[in-house]
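Participant: Please read through the structure below; I'll follow up with questions.
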Amino acid sequence: MDTHQFLARLCALVPPPKFHMTRYYGVFASHHRLRERVIPRPAAPLPPPQLALDFALPDDPLASSPATSPRPRRIAWAQLLARVFAIDITRCRKCGGRMRVLEVVSDADAIARILHGARAPPAPHPPGQVLLFA
């Protein structure tokens, strides 16, 4: 097999964009009428990890409803990348410490400036101020 045939066969194995690799049919299909009988139900919710502290009066109507924090609507991009690629991009490769986002850049000139290490010129000093150690 020459290189062109090998590459042609390899390209045939690559799916098109937004193409699901797993297909379900029969009772496992998403809209099948018997799917609810086959798919296991979710487990019962676990009790809260901390016991409620009863500081309220017993006749207080708000005491019976525990305050629960809502789940976040979106997952951070770093957590999504960690899920998909199994890497933690917020960990420094050199020291192992946590990194944080300093700047979000979308301009090509700004990206080149940051990647090539060019620093912004220092801000001018206010007039009338004398620098002792210049």
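The values are calculated or read from the model by the stated rules, or taken from the named source; none is laboratory data. What you are looking at is a predicted structure, and each value in this text was computed from that prediction instead of being measured. We place every Cβ from the backbone using ideal geometry, glycine too, and count neighbours over all the protein chains shown. What goes into the accessible areas is simple: the full protein's heavy atoms, side chains included, and nothing from ligands, DNA or RNA. Shrake-Rupley method; radii C 1.70, N 1.55, O 1.52, S 1.80 Å.
Participant: Limited to the stretch 95-125, what total is found for residues that are farther than 30 Å from A76 by Cα and modelled with pLDDT of 65 or more?
Facilitator: Filtering the stretch 95-125 down to residues farther than 30 Å from A76 by Cα leaves 121-125.
Restricting the remaining residues to those that are modelled with pLDDT of 65 or more gives 124.
Final tally of qualifying residues: 1.
Participant: Next question, about the same structure. Could you list, in sequence order, all residues of the stretch 37-48 that are surrounded by 10 or more Cβ atoms within 10 Å (Cβ to Cβ) and assigned to a helix (DSSP H, G or I)?
Facilitator: If the condition is that a residue be surrounded by 10 or more Cβ atoms within 10 Å (Cβ to Cβ) and assigned to a helix (DSSP H, G or I), then V38 is the only one that fits.
Participant: Same structure again: Would the stretch 61-71 turn up any residue that is surrounded by 10 or more Cβ atoms within 10 Å (Cβ to Cβ) and modelled with pLDDT under 80?
Facilitator: Yes, the stretch 61-71 contains a residue that is surrounded by 10 or more Cβ atoms within 10 Å (Cβ to Cβ) and modelled with pLDDT under 80.
Participant: Can you pull out the residues in the stretch 10-36 that are open to solvent by 100 Å² or more (accessible area, probe 1.4 Å) and modelled with pLDDT of 90 or more?
Facilitator: Answer for the stretch 10-36, where residues must be open to solvent by 100 Å² or more (accessible area, probe 1.4 Å) and modelled with pLDDT of 90 or more: just R33.
Participant: Any idea which of (1) at pLDDT below 70; (2) aliphatic (A, V, I, L, M); (3) at positive phi is the one A86 doesn't satisfy?
Facilitator: So A86 meets the others, but not (1).
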